[in-house]
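A.B. asks: Pasting in a structure now, in structure tokens, and then I'll have a few things to ask.
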Amino acid sequence: MKKAFITGITGQDGSYLAEFLLSKGYEVHGLMRRSSSFNTERIDHFYQDPHEKGSRFFLYYGDLTDASGINHLMRRIKPDEVYHLGAQSHVRVSFDTPEYTADVTGLGTLRLLEAIRDAGLDSTKFYQASSSEMFGKAVEVPQTETTPFYPRSPYGVAKVFGFWTAKNYREAYGMFVCNGILFNHESPRRGETFVTRKITRAVADIVAGKQDKLYLGNMDAKRDWGYAPDYVEAMWMMMQYKTPDDFVIATGEAHSVMEFVEEAFRLVGLNWKKYVEIDERYYRPTEADILLGDYSKAKATFGWEPKVKFKELVKIMVDADLKKNGLKGIRS
């Protein structure tokens with residue numbers, strides 16, 4: 001039975017990946033931060049007592065800033081595959097906490113790779129969650145694996161550090177290390193402070209009479225939005241390929257925040273202009289205007305392509321938030 005270790009397991013991607021790997025017969029081990037409140041709601045539906053016979057899912061408290069703790073876990077678990085998804089991943093927040101973002105998102109990658117190398121886990125495969133935010137002020141559209149990086153946030157800068165660290169360990173030590181350059185990917189499990197979920201939750205709350213207004217920042221920014229479950233499958237597929245490499249994972253379509261708003265409100269029969277207002281607090285000091293990915297390398301190499309596109313994604317998210325409010329979902 002293969003063992004997988006996932007950082008960021010309680011997040012959107014971590015929870016979907018854990019589900020996916022368990023369905024493939026893996027034993028799954030996950031790192032989660034200690035907090036004064038429970039933050040396991042995304043994994044509670046499949047989490048079972050690790051002391052029960054036959055359990056294949058295990059959680060550990062830890063932190064990406066703790067090198068000795070990470071080293072101990074690598075030696076104890078000896079995973080076949082490590083999926084490094086943990087980070088301070090909110091772009092706007094990274095401007096407020098740049099040093100912390102650099103420490104967790106950037107140096108966290110280095111600590112994990114060094115722990116694997118130091119433990120002598122020569123056959124362990126490593127997945128680095130790289131980000132389209134590394135392209136930032138994109139010098140070409142669409143962006144591919146060879147597009148130069150131009151990050152426009154502390155988060156993007158930290159992810160560039162992680163990308164090149166991963167690449168360096170692959171080339172310097174012959175480790176099986178993949179960089180998945182994932183463009184924005186969303187789902188009903190997306191954190192409520194991220195713009196897509198903020199929109200769909202607000203739509204549902206407005207329909208339910210719980211909210212009157214939705215405040216947003218730059219509505220002209222364009223993103224390539226995909227569906228998180230599709231993207232975690234891509235992570236696994238690139239790790240099963242015979243040679244490690246770097247791959248863009250995207251849909252090949254870009255849509256503005258305004259388009260997302262229009263579609264979300266349209267699904268419930270409301271005019272968004274009556275409810276949406278601009279608040280300059282949500283603007284970033286520097287913005288990535290358009291991020292659009294070309295996933296042709298992933299498709300040609302291991303046959304991945306997105307199953308869910310923009311309008312279906314918005315529908316999935318609005319439908320889920322309506323149901324969370326006890327309302328009827330969207331009719332097909």
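The values are calculated or read from the model by the stated rules, or taken from the named source; none is laboratory data. Being a predicted model, the structure only gives us computed values, none of them experimental. Quick reminder, even Gly has a Cβ in these numbers, built from the backbone with ideal geometry, and neighbours come from all protein chains shown. Side chains included, ligands, DNA and RNA excluded: accessible areas come from the protein's heavy atoms. Shrake-Rupley method; radii C 1.70, N 1.55, O 1.52, S 1.80 Å.
A.B. asks: Tell me, which helices (runs of 4 or more DSSP H) lie completely within the stretch 41-158 with 2 or more residues that are in contact with a Lys or Arg (Cβ under 7 Å, 6 or more places away or on another chain)?
C.D. replies: Working: elements: 67-77, 91-96, 98-101, 108-118.
Ranges flagged: 67-77, 91-96.
A.B. asks: When the residues of the stretch 161-189 are filtered to those that are open to solvent by 40 Å² or more (accessible area, probe 1.4 Å) and assigned to a loop (DSSP other than H, G, I, E, B), which remaining residue is nearest to Thr109 (Cα to Cα)?
C.D. replies: Gly174
A.B. asks: Identify the single condition in (1) open to solvent by 40 Å² or more (accessible area, probe 1.4 Å); (2) in contact (Cβ under 8 Å) with a residue 12 or more places away in the chain that Thr243 does not satisfy, given that it satisfies every other one.
C.D. replies: (2)
A.B. asks: Taking the stretch 258-273 as the region of interest, how many residues are open to solvent by 10 Å² or more (accessible area, probe 1.4 Å) and at negative phi?
C.D. replies: Residues meeting the conditions: 11.
A.B. asks: If I filter the stretch 142-152 for residues that are within 16 Å of the chain's Cα centre (by Cα), open to solvent by less than 10 Å² (accessible area, probe 1.4 Å) and in the same structural domain as Leu85 (by the TED database), do I get at least one hit?
C.D. replies: Looking through the stretch 142-152, none of the residues is within 16 Å of the chain's Cα centre (by Cα), open to solvent by less than 10 Å² (accessible area, probe 1.4 Å) and in the same structural domain as Leu85 (by the TED database).
A.B. asks: Being open to solvent by less than 40 Å² (accessible area, probe 1.4 Å) and over 20 Å from the mean Cα position of the chain (by Cα) is the filter here; which residues of the stretch 274-304 pass it?
C.D. replies: Selection gives Val276, Asp279, Phe302.
A.B. asks: Taking the criterion of being assigned by the TED database to the domain that holds Leu216 and not in a loop (DSSP other than H, G, I, E, B), would at least one residue in the stretch 281-288 satisfy it?
C.D. replies: Yes: the stretch 281-288 contains one or more residues that are assigned by the TED database to the domain that holds Leu216 and not in a loop (DSSP other than H, G, I, E, B).
A.B. asks: Kindly establish whether Asp118 is acidic (Asp, Glu) and at pLDDT 95 or above. Reasoning before the result, please.
C.D. replies: On the way: acidic (Asp, Glu): yes; at pLDDT 95 or above: yes.
Spelling it out, Asp118 is indeed acidic (Asp, Glu) and at pLDDT 95 or above.
A.B. asks: Same structure again: Please determine, by comparing only the residues of the stretch 201-220 that are of a type in the set (Gly, Ala, Ser) and surrounded by 18 or more Cβ atoms within 10 Å (Cβ to Cβ), which one is farthest from Lys323 (Cα to Cα).
C.D. replies: Residue satisfying both the conditions and the ranking: Ala202.
A.B. asks: Could I ask something else about it? Take the conditions over 15 Å from Lys315 (Cα atoms) and in contact with an Asp or Glu (Cβ under 7 Å, 6 or more places away or on another chain) and apply them to Asn168. Does it pass? Break it down into steps so the answer makes sense when it comes.
C.D. replies: Details: over 15 Å from Lys315 (Cα atoms): yes; in contact with an Asp or Glu (Cβ under 7 Å, 6 or more places away or on another chain): no.
So Asn168 fails the test.
A.B. asks: Can you name every residue in the stretch 56-88 that is farther than 20 Å from Lys159 by Cα and buried (at least 19 other Cβ atoms within 10 Å of the Cβ)?
C.D. replies: Initial filter on the stretch 56-88 (farther than 20 Å from Lys159 by Cα): 56-62, 68-69, 71-81.
Residues satisfying the conditions are Phe57, Leu73, Met74, Ile77, Pro79, Glu81.
A.B. asks: Could you say whether any residue in the stretch 322-330 is open to solvent by less than 50 Å² (accessible area, probe 1.4 Å) and under 20 Å from Trp225 (Cα atoms)? Please lay out each step first, then the result.
C.D. replies: The first filter runs over the stretch 322-330 and keeps only residues open to solvent by less than 50 Å² (accessible area, probe 1.4 Å), leaving 322, 325, 329-330.
Of the ones still in play, those that are also under 20 Å from Trp225 (Cα atoms) are none.
No, because not a single residue in the stretch 322-330 is open to solvent by less than 50 Å² (accessible area, probe 1.4 Å) and under 20 Å from Trp225 (Cα atoms).
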